[in-house]
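Nothing in this text is a laboratory measurement; each read-out follows from the coordinates by a stated rule. All values derive from a computational prediction rather than experimental measurement. Methodologically, a virtual Cβ is constructed for each residue, glycine included, from the backbone with ideal geometry; neighbour enumeration extends over all protein chains shown.
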Amino acid sequence: MKRKTLTQFLIEQQREHAALPAEVRLLIEVVARACKAIGHAVGKGALGGVLGSLESENVQGEVQKKLDVLSNEILIEANEWGGHLAAMASEEMETIHRIPNRYPKGEYLLLFDPLDGSSNIDVNVSIGTIFSVLRAPRDSAERDLTEQDFLQPGSQQVAAGYAVYGPQTSLVLTVGSGVFGFTLDREMGSWVLTHEHIRIPEDTREFAINMSNMRHWAPPVRRYIDECLAGTTGPRGKDFNMRWIASMVADVHRVLTRGGIFMYPWDAREPSKPGKLRLMYEANPMSMLVEQAGGAATDGTRRILDIQPTALHQRVGVVLGSRNEVELVTRYHRE
Ligand code: P6P
């Protein structure tokens, strides 16, 4: 049977779910096309002269890789003329990017981490693009938007997804009616539906965490990991495996594909510095995908999608994946 393309899938979703406006369908097609271009640049590696770092740092204080900046430019240029967006925000830009006056403005906001996991670029490990779609305020045509207009809880997202640039180039997407996976047919240049209604198993034997941060963890996190490490001899009564790719997109893709729990907990010594991952364009889109696939996503205790943002680049602790494991971590925090 001929597989569906992304375009056919989106048109059918629009027909089945009137909640998928034509502008969102266009937005997703444009972002998916930009991800193809990013994947192409990433795939060239050293041959494309795009590896290595720049002298500059981003708003996070992280040294920018050439591909970080290139990926950001690709997404900005692809999305600013189409008339579907009122503004954009990116991990790589300190302030929001308004749509230039020469272009029409639309009703949506696009947030993205253009190239997540960039510490892995130069060592040829999977990296990716993460994106999140919010509604713009009703009066966005009459005024210049500000950062405040982006500060909506993740539960307000209209769509979320990511692209993984790995052995395959994959696109994983939700518009609020389940999670769907597409594989890039590199000969045809089209995204082909290969995974329908992705579901995360409620239980797992696999945890993902950067163990080198153990000394910073809050006691409930330490208790949870110690019990995983104790295996069949401990209270969990089963052995666990560990994975840490240090590329959120790749780690979350594994969790969506075969289950697991992914944790980037906050530094218990410094509650003012809640973790490394960013709420608006990493934790929120991934949490929408994980919940739409039957999993759970918290900051240790609170549902991530309920968190009211206070700043565009704010960070948050992340515990997401197989529902029963995430709920156990939450229970340990409440005991
Ligand atoms: P660490 C990549 O830099 C990133 O933002 C996420 O993609 C990833 O999960 C995390 O940081 C890795 O952090 O401290 O293990 O290098």
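Note on Lys65: aspartates and glutamates with a C-alpha under 12 Å away, same-chain residues under 8 apart excluded, are Glu55, Glu57, Glu92, Asp116, Asp122. In the stretch 206-334, the DSSP beta bridges split such that about 70 percent are antiparallel, to the nearest 5.
When +1 charges are put on Lys and Arg Cβ atoms and -1 charges on Asp and Glu Cβ atoms, the dipole computed for the chain relative to its Cα centre reaches about 720 debye. Taking the longest Cα principal axis of the chain as reference, the axis of helix 219-230 is set at about 70 degrees. Relative to the Cα centre, the charge distribution of the stretch 132-246, modelled as +1 at Lys and Arg Cβ and -1 at Asp and Glu Cβ, gives a dipole magnitude of about 460 debye. The angle separating the long axis of helix 323-334 from the principal Cα axis of greatest extent in the chain is about 60 degrees. Rounded to the nearest 0.05, the FRET efficiency derived from the C-beta distance between Thr95 and Lys238 at R0 = 45 Å is 0.40.
Between helix 22-44 and the chain there is an angle of about 70 degrees, using the helix long axis and the longest principal axis of the Cα atoms. Shown here for the stretch 250-280: trypsin sites (Lys or Arg not before Pro) in loop regions (DSSP other than H, G, I, E, B) with at most 14 other Cβ atoms within 10 Å, namely Arg269.
With springs only between Cα atoms under 10 Å apart, run a GNM on the chain and tell me which of Glu92, Glu270, Glu291 wobbles the most. Top of the fluctuation ranking is Glu270. Its DSSP H runs of at least 4 residues, each contributing -39,500 (n - 2.57), put the calculated 222 nm mean residue ellipticity of the chain at -8500 deg cm²/dmol, to the nearest 500. The residue among Ala32, Gln13, Leu109 whose Cα reaches farthest toward the positive pole of the charge dipole of the stretch 1-123, with charges on the beta-carbon of Lys, Arg, Asp and Glu, is Gln13. Using the empirical formula 2.2 N^0.38 Å as the baseline, the Cα radius of gyration of the chain reaches a ratio of 0.97. About its Cα centre, the stretch 6-195 has a charge dipole of approximately 540 debye under the convention of +1 per Lys or Arg Cβ and -1 per Asp or Glu Cβ, with nothing else charged. Among beta bridges identified by DSSP and lying wholly in the chain, the antiparallel ones come to about 85 percent. For the stretch 184-246, the set of trypsin sites (Lys or Arg not before Pro) satisfying both a DSSP loop assignment and a count of at most 14 other C-beta atoms within 10 Å is given as Arg186, Arg199, Lys238, Arg243.
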